[in-house]
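This report concerns only the one structure given below.
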Amino acid sequence: MKLKILVGTMTSTADYVAQAIQMDCADLVDEITVTLMDGLDISAFDEDAIYLICTSTYGSGDVPDNARALYDSLDTQPRDIGHVRYGVIALGDRTYVQTFCNGGRRFDERLQDLGARRIGEVWCHDASAGTQPEGLGVEWCRQWLPQALAAAPAT
């Protein structure tokens with residue numbers, strides 16, 4: 001089974017987290033790909049894979065600019081994606097209480113509305129905590145990925 005990490009980012013932090021996961025979790029899955037969300041649409045979920053949305057939050061709780069087309073396509077091109085199993089890494093800053101990690105939470109809500117099934121809880125990283133999201137993201141993924149693989153439909 002393949003893990004496909006879709007990255008929404010403005011400052012590359014989410015991309016660094018995804019790359020750390022790609023390097024440090026390769027022993028858990030057949031293949032890991034990291035794809036920036038630039039220009040993607042709902043067809044990004046057509047592949048037989050487990051998906052990991054790794055995204056920051058931008059502005060007033062929005063998805064990053066490079067994730068906008070994919071996020072919007074989940075509304076403008078809706079279809080059943082009940083075959084999709086996914087997880088979410090949401091990056092945010094808790095000092096923005098009202099919008100903390102909303103980029104990831106918004107993706108989670110839209111994916112569930114289309115029938116996709118999230119495995120585990122949304123993992124939120126707080127930039128104001130002073131911790132490195134790369135190491136903590138890898139740690140979370142090493143626990144999440146075996147659950148996701150067990151929940152993936154047989155191919």
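Bridges between two residues of segment 45-149, per DSSP, are antiparallel at a rate of about 10%. When shorter helices are ignored and each DSSP H run of at least 4 residues is given -39500 (n - 2.57), the per-residue value for the chain at 222 nm works out to -10500 deg cm²/dmol.
Would you please classify the overall shape of segment 1-62 from the alpha carbon gyration tensor, given that a ≥ b ≥ c denote the square roots of the eigenvalues, rounded means a/c under 1.5, and beyond that prolate means a/b larger than b/c while oblate covers the rest? In terms of gyration-tensor shape, oblate. By the rule of a second cysteine Cβ within less than 4.7 angstrom, the chain holds isolated cysteines at Cys25, Cys54, Cys141. The trypsin sites (Lys or Arg not before Pro) found in segment 85-155 that occupy coil by DSSP, while having at most 15 further C-beta atoms within 10 Å, are Arg94.
Taking square-rooted eigenvalues a ≥ b ≥ c of the alpha carbon gyration tensor, is segment 19-95 rounded, prolate or oblate, where a/c under 1.5 means rounded and, failing that, a/b exceeding b/c means prolate? It comes out oblate by the Cα gyration axes. Normalised by the number of residues in segment 27-155, the mean separation of alpha-carbon contacts (under 8 Å, six or more apart) gives a relative contact order of 26 percent.
How would you classify the chain from its alpha-carbon gyration tensor, with a ≥ b ≥ c the square roots of the eigenvalues: rounded for a/c under 1.5, else prolate if a/b is greater than b/c, otherwise oblate? Since a/c reaches 1.5 but b/c is at least a/b, the shape of the chain is classed as oblate. Note on segment 1-67: with neighbouring protein chains present and a 1.4 Å probe, carbon and sulfur make up 44 percent of its accessible heavy-atom surface. Taking every protein chain into account, the accessible area of segment 26-133 amounts to 47 square angstrom per residue (probe 1.4 Å).
The values are calculated or read from the model by the stated rules, or taken from the named source; none is laboratory data. These figures come from a predicted structure and were not determined experimentally. Here Cβ is always computed from backbone atoms with ideal geometry, including for glycine, and neighbour counts include all displayed protein chains. Accessible surface is based on the protein model in full, side chains and every heavy atom, while ligands, DNA and RNA are left aside. Shrake-Rupley method; radii C 1.70, N 1.55, O 1.52, S 1.80 Å.
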